[in-house]
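Quick notes on the structure that follows.
Here, each number is a calculation from the coordinates, and none is a lab measurement. Owing to the predicted nature of the structure, the values given are computational and were not obtained by experimental measurement. Don't worry about glycine lacking a Cβ; one is built from the backbone with ideal geometry, like all the others, and counts go over all protein chains shown.
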Amino acid sequence: MRFDERAEAPRDLGRPSPGDRRRRTLGTLFLLLCFAATSVGVVSLMVLLVDVLMDGVAQLDPEFLSSYASRFADRAGIRAPLFGTFWILLLTAVIAFPLSVGAAVYLEEYAPRNWITRIIQVNIANLAGVPSIVYGILGLAVFVRGMGLGRSLLSGALTLSILILPVIIMASQEAIRAVPDSIRQAAYGLGATRWQVTRRQVLPMALPGILTGTILALSRAVGETAPLIMIGALSFIAFTPQGVMDQFTVLPLQIYNWISRPGDDFHAIAAAAIIVLLVMLLAMNAVAILLRNRFSRMRSN
Amino acid sequence: MATVHDIDTGLRSPALEARDVSVHYGSKRAVDDVSLVVPSNQVVALIGPSGCGKSTLLRCFNRMNDLLPAAKVDGEVLFHGQNLYQPEIDPVEVRRRIGMVFQKPNPFPKSIFDNVAFGPRINGFGGNMNERVEESLRQAALWDEVSDRLDDSAYALSGGQQQRLCIARTLAVRPEIVLMDEPASALDPIATQKIEELIFELKKQYTIVIVTHNMQQAARISDYTAFLYMGELIEYGPTDMIFTNPTEERTEAYVTGRFG
Amino acid sequence: MMNDPKRPRRRFHDELDQLQERLMTMAHRAEAMVEMAIEAVAEKDSGASKVVRRHDEDVDTLEIEIDERVTELLALHQPMASDLRKVISALKVANDLERVGDHAVNIARAAKRLSRAPALPTIIEVSEMGVIARRMLADSLNCYVSRDTELAIHVCQTDDKVDALRHSLYRILLTHMMEDPSKISGALELLRISQSIERIADLATNVAEDVVFMVEGQSMKHGRVDTPPDYDLDRESEAARD
């Protein structure tokens, strides 16, 4: 239908033309394709979850959580790896958070916009994609052997920190960049120094984004197995680490260990451990979302 | 080349004086050799078509162009006889004494009280903050509307109120000069009128330089008007002269709406 | 079409053109009235008065129309600089022209009464005054259109002649009245006529001053700057005295 024809023949809006019908069909088709793509992802995930749940839920009991590993599946528990995961999470957070935020602040607020800064930026993005086992090798060479820290929590935490550093830096940079420039301008206009602007306006506004990025990065670290194997985390220990220089193990490692053994009984407790791990991850993500919502509600109030 | 009529600064020394100020962004020249005098306790309006350099010139007065790494400023800006661009002058102190209000209201994501208190706080104000906040809000003609809800978020205010909050925030550090970059362009006519009345009141205590693309606004509120075109100062003189009988043809053409 | 970059503010300029056109119509009407009235004096025509009065109604209507147009232009278009001066001058000139019309009516009425009075010897001063006043009016309206400020200044300077003529006419008529009382009524009418013609000349001068304001942006009135050295600044106060 040409543009000028419209004026002469007023159309009945209730009756679609053939062109309209074709457009609508295409639209519906596209919608169905997208839905199918989503379903594939969701359904696979559901299948996996249900499988794990069915295998492992029977093994979940308080004894499971408080017992150490054992050669016998029915007496084995995840006490050591649970503590280990918790500790390594804490240490990594304490080490990685200030370093990343500092780097992000420098790159966004202070660094001059020249080619050096650009190279740094590109390299950080690249580092985020390096396979985690490479970090394991690095950790082994530098922390375990080079600095003589041995196969300790500290080595593990340092290794994981370096692993997630690029991720947190990039997320923090995004959060800082998202702070509207008009806020900075207003603060500068009032006679604030760059530090005052950063500390009193930019960082508070960027904090939700930074925290969310940190928590998501940490939840990735929680699931890392390869680097920790490299630096020598054990898989059969009967004690919980008391200090940062102690040896340790983590949940993913324990799961891996149990899965590799023959026999359904170990597979069952492996599934149970997986459930615990998933619950942990879920909880961390929930905290991240809650924090973000709370801060944005405070903002719009 | 520019026609600069006699500016009567009265008995007081001028608040600001620009001497041969030029601003380059890379190879592009945004402000070309502008010289003008801003008398104390008067309102000077900078008018001209979009992109003529008026905002850039305004930002020279409080060294806000320093924040743009690509901008290069030549010439002098004299404030009480001192050139603000001398190396030993601290731009942070300059900005405390020469404040700025921006085009879009940009209150901080804090409470109304904290917005106004921010300036004094970062400048080390040790006196009674409640008093200072109330005084600033009164000067900005906003106190009556917010005195009972100082802890509410600044974003709960309307656009016009937010802009008056930004003005209060600027006044809280007790500047001598207030620079305004199209302060009412994002506001509805009633809010605009309130801002204009406010400017008229503020003139008694402060010197105001305002950039506006609204000629009628410049005609209503300013004492002196400078017309800029493509970075050059074309004509500068008393507002009534600029709008009833300008000397330069280009001024006449702009003011009668023949271009721009 | 409203925002044609080659013709900005088109609606305003169309309105302004229409205003000028109405003003010119009013001007021609007023000029015609003055011509008819002054001829009626010479021809001793009593019928002219009615015609002139009819024209005056039109002139009054036009004045009201121009008032309204100017108000509208100011309110809706906020003209500035030379546009503003053009609009304001149109208002002032219309006002002057309306009074010119009223004086023309006065002259026509006096002519009618004159035709019934005992005859007086022809007094050339009257017709001279009439010629000069008509010339001044025509010139001032011309320089409004041509924006010729030199012509405008010339008009202002010519006013002296009219004043001088009126003074001599006054003395002549006084002589006539003292010589022969029967001539008094006729002489009085001529006196009135001469006063009206002088007022028309003054109004023509007003128009000329308005033209200078419109073009230059500075007023020539009441001893302001930029008047030529031989321009008599006391002209205004002289007119008021009589």
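Over chain A, DSSP H runs of length four or greater, each weighted -39,500 (n - 2.57), average out per residue to a 222 nm ellipticity of -23000 deg cm²/dmol. Each distinct pair of alpha carbons in the protein assembly as shown adds a 1/r term; the inverse of their mean, the Kirkwood radius, is 35.2 Å. The packing ranking of peptides A:147-153, C:138-144, B:166-172, C:171-177, highest mean first, is B:166-172, C:138-144, A:147-153, C:171-177, where packing means the average number of other beta carbon atoms within 10 angstrom of each residue.
Once you have a ≥ b ≥ c as the square roots of the Cα gyration tensor eigenvalues for the range C:1-121, tell me rounded if a/c is under 1.5, and otherwise prolate or oblate according to whether a/b is larger than b/c. Since a/c reaches 1.5 and a/b is larger than b/c, the shape of the range C:1-121 is classed as prolate. The spacing between the range B:193-260 and the range A:208-272, judged by their C-alpha centroids, is 71 Å. Entry note, chain A: relative contact order of 26 percent, from Cα contacts under 8 Å with a spacing of 6+ residues.
Inverting the pair-averaged 1/r between distinct Cα atoms of chain A gives 23.0 Å as its Kirkwood hydrodynamic radius. Considering the options C:152, C:120, C:16, tell which one lies farthest towards the positive end of the dipole of the range C:7-241, charges being +1 on Lys and Arg and -1 on Asp and Glu at the Cβ, about the Cα centre. Farthest along the dipole direction, towards plus: C:120. Simple point charges give the picture: +1 on the Cβ of Lys and Arg, -1 on the Cβ of Asp and Glu, and for chain C a dipole about the Cα centre of about 440 debye. Dipole orientation for chain B: of the candidates B:56, B:157, B:18, B:157 has the Cα lying most toward the positive pole (charges on Cβ; Lys, Arg +1; Asp, Glu -1). Ranking C:195, C:91, C:55 by how far each Cα lies toward the positive end of the dipole of the range C:7-241 (charges on Cβ) leaves C:55 at the top.
Let's test the formula: R0 of 56 Å, r as the Cβ-Cβ distance of residue B:151 and residue C:216. What FRET efficiency results, to the nearest 0.05? Efficiency computed from Cβ-Cβ geometry: 0.40.
List the aspartates and glutamates whose alpha-carbon lies under 13 Å from that of residue B:204, not counting same-chain residues fewer than 8 positions away? Leaving aside aspartates and glutamates fewer than 8 places away in the same chain, those within reach of residue B:204 are B:176, B:223. A Cβ-based charge dipole, computed about the Cα centre of the protein assembly as shown with Lys and Arg at +1 and Asp and Glu at -1, lands at about 4240 debye. For the residues of C:80-90, the average number of beta carbons from a partner chain within 10 Å of their own beta carbon is 4. Peptide A:181-188 shows a mean partner chain C-beta count of 6 within 10 Å per residue C-beta. Near residue B:210, within a Cβ-to-Cβ distance under 12 Å, what is the net charge of the other residues, with Lys and Arg +1 and Asp and Glu -1? Spelling it out: positives minus negatives among the neighbours equals -1. Residue ranges A:47-58, A:198-209 sort as A:198-209, A:47-58 when ordered by packing (mean number of other C-beta atoms within 10 Å per residue, highest first). Legend: helices of chain C (whole DSSP H runs) are marked when their alpha-carbon atoms reach 24 angstrom or more along the helix axis and their mean Kyte-Doolittle hydropathy is at least 0.5; marked are C:124-146, C:184-216. Among beta bridges identified by DSSP and lying wholly in the protein assembly as shown, the antiparallel ones come to about 55 percent. Rounded to the nearest 0.05, the FRET efficiency derived from the C-beta distance between residue A:286 and residue A:111 at R0 = 41 Å is 0.70.
For chain B, the spherically averaged projection of the C-alpha convex hull amounts to 14.1 nm².
If R0 is 22 Å, the Cβ-Cβ spacing of residue C:116 and residue C:39 corresponds to a FRET efficiency of close to 0.80. For the pair residue C:131 and residue C:147, the difference between a 0.36 nm per residue extended length and the Cα-Cα distance amounts to 3.4 nm. Here the label points at residue C:179 and residue A:65, each 7 Å from Cα along the C-beta direction, are separated by 13.9 nm in the simple model.
Summing Cβ point charges (Lys, Arg +1; Asp, Glu -1) relative to the Cα centre of chain B gives a dipole of roughly 540 debye.
You can think of it this way: the chain between residue A:45 and residue A:293 has 86.7 nm of extra reach, that is 0.36 nm per residue less the Cα-Cα gap. Partner shielding of B:211-219 amounts to 1, given as the average count of beta-carbon atoms from other chains within 10 Å of each residue beta-carbon. Working from label points 7 Å from Cα in the Cα-to-Cβ sense, the residue A:259 to residue B:25 distance is 5.5 nm. The Cα center of the range A:109-186 and the Cα center of the range C:110-128 differ in position by 111 Å. For residue B:72, give me every one of the lysines with a C-alpha distance below 24 angstrom, ignoring sequence neighbours fewer than eight places off in its own chain. Reachable lysines: B:28, B:54.
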